[in-house]
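> Here's a structure for you.
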Amino acid sequence: MAETIKLQFNIDGNNFVDAGAASGKVKKTLTQLGFDPAVIRRAAIAMYEGEINMVIHADGGVADVYIDSDKIRIVLSDKGPGIADVELAMKEGYSTASQEARDLGFGAGMGLPNMKNYTDEMTVNSKVGVGTTVEMIINC
Amino acid sequence: MKVKEVKALLDAVVETGEALMDMEVKTACGSDMMSDVLAFVKEEGLLLTGLVNPQVVRTAEMMDIKVIVFVRGKVPSAEMIELAEERGMVLMRTQMPMYVACGELYAAGLVPRK
Ligand SMILES: Nc1ncnc2c1ncn2[C@@H]1O[C@H](COP(=O)(O)OP(=O)(O)O)[C@@H](O)[C@H]1O
Ligand SMILES: [Mg+2]
């Protein structure tokens, strides 16, 4: 891979059937490119958790994925409510998820910690009332 | 254990993936919380769940889980069956409750690796 492969997805905030479709497509692309299955799994899980967060907490957003042979960079941006205390949100078990999200099997407060565990670098930039951007890097 | 043995032990109905009955599964987990599956499951294998929505199939896809068994008589939707079919997964359903279904598989030797 000489040049960075760039993928962009619009994540619909009102569509719980399609939530995760972007992560699935990234997983498929990485598989076709011949990445190590362990790397693919980490990238797919981290992006999926982030994608679900944009759907259940932020009414959707945009996912940008940059694929190089030595690293995968995933940037998730939304114009949702933002996170007042990022440090608190990063704690295992902390969740403000609605009952609706919980009924769908999410809201254990494990998403952000999980995303951090599965990636090599993660930064969360968030402003209340403006939105949230999560950037994750997986080294290959 | 082969998928067809799982099917027999759980007296399950196959919704999709009939062609994959000879596939081997080495481990299993049971959960209704997809968040927990994403956080704690280390190995690809089989997922038993009482939760029925498309995100169960998506979660399995990310985790490289190839076989999903719905317990307590839950029936997957046409949408879910289609998603699973496209991904080469097996969907089955059993009348057994979660505890019994897990017990049957565990007793038959489908034990998480140490
Ligand atoms: N994109 C986002 N926009 C707004 N709030 C978010 C976003 N992502 C996460 N959060 C906040 O951080 C909390 C913890 O997120 P997470 O660890 O994924 O757990 P969960 O999604 O199960 O609640 C959420 O409950 C929510 O309050
Ligand atoms: Mg989450």
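The values are calculated or read from the model by the stated rules, or taken from the named source; none is laboratory data. Just so you know, these numbers come straight off a predicted model, no measurement behind them. So basically every Cβ, Gly included, is an ideal-geometry build from the backbone, and we count neighbours across all protein chains shown. Protein only, heavy atoms only, side chains kept; ligands, DNA and RNA dropped before computing areas. Shrake-Rupley method; radii C 1.70, N 1.55, O 1.52, S 1.80 Å.
> Among the residues of the stretch A:41-58, is any farther than 27 Å from B:V41 by Cα and either open to solvent by less than 30 Å² (accessible area, probe 1.4 Å) or more than 10 Å from ligand 1 (Cβ to nearest atom) (or both)?
So in the stretch A:41-58, the residues farther than 27 Å from B:V41 by Cα come out as none.
No, because not a single residue in the stretch A:41-58 is farther than 27 Å from B:V41 by Cα and either open to solvent by less than 30 Å² (accessible area, probe 1.4 Å) or more than 10 Å from ligand 1 (Cβ to nearest atom) (or both).
> Follow-up. From the residues in the stretch B:1-32 that are within 14 Å of chain A (Cβ to nearest Cβ) and over 12 Å from B:L105 (Cα atoms), which one is surrounded by the most Cβ atoms within 10 Å (Cβ to Cβ)?
Ranking the candidates gives B:S31 first.
> From the residues in the stretch B:33-49 that are open to solvent by less than 10 Å² (accessible area, probe 1.4 Å) and within 10 Å of chain A (Cβ to nearest Cβ), which one is nearest to the chain's Cα centre (by Cα)?
The extreme case among them is B:T49.
> Tell me which residues, restricted to the stretch A:82-121, are more than 14 Å from the chain's Cα centre (by Cα), farther than 17 Å from B:L51 by Cα and free of Cβ contacts under 8 Å to residues at least 12 places away in the same chain.
Selection gives A:D85, A:E87, A:L88.
> Kindly indicate the residue of the stretch A:12-25 that is under 11 Å from A:Y48 (Cα atoms) and more than 10 Å from every other protein chain (Cβ to nearest Cβ) and also surrounded by the fewest Cβ atoms within 10 Å (Cβ to Cβ) among those meeting that condition.
Within the stretch A:12-25, the match that is surrounded by the fewest Cβ atoms within 10 Å (Cβ to Cβ) is A:K25.
> Taking into account only those residues within the stretch A:104-117 that are assigned to a helix (DSSP H, G or I) and aliphatic (A, V, I, L, M), which is farthest from ligand 1 (Cβ to nearest atom)?
Within the stretch A:104-117, the match that is farthest from ligand 1 (Cβ to nearest atom) is A:M115.
> Which of the residues that make up the stretch B:86-113 are open to solvent by 40 Å² or more (accessible area, probe 1.4 Å) and closer than 16 Å to B:M1 by Cα?
Correct list: B:C102, B:E104, B:Y106, B:A107, B:A108, B:G109, B:V111, B:P112, B:R113.
> Please state which of the following conditions A:E100 fails to meet, knowing it meets all the rest: (1) within 14 Å of chain B (Cβ to nearest Cβ); (2) away from ligand 2 (no atom under 14 Å from the Cβ).
For A:E100, the failing item is (2).
> Looking at (1) away from chain B (no Cβ under 14 Å); (2) within 16 Å of ligand 2 (Cβ to nearest atom), can you tell me which one A:E51 breaks?
The failed condition is (1).
> Let me ask you something else. Looking at (1) free of Cβ contacts under 8 Å to residues at least 40 places away in the same chain; (2) small (G, A, S); (3) in a helix (DSSP H, G or I), can you tell me which one B:A101 breaks?
That leaves (1) as the condition not met.
> Among the numbered criteria (1) more than 11 Å from chain B (Cβ to nearest Cβ); (2) in contact with a Leu (Cβ under 7 Å, 6 or more places away or on another chain), which single criterion is violated by A:G105?
Condition not satisfied by A:G105: (1).
> When the residues of the stretch A:91-103 are narrowed to those that are within 20 Å of A:G61 (Cα to Cα) and more than 6 Å from ligand 1 (Cβ to nearest atom), which ends up most open to solvent (accessible area, probe 1.4 Å)?
Of the residues in the stretch A:91-103, the ones within 20 Å of A:G61 (Cα to Cα) are A:95-98, A:100-101.
Adding the requirement that they be more than 6 Å from ligand 1 (Cβ to nearest atom) leaves A:98, A:100-101.
Details: A:S98: 54, A:E100: 136, A:A101: 5 Å².
Result: A:E100.
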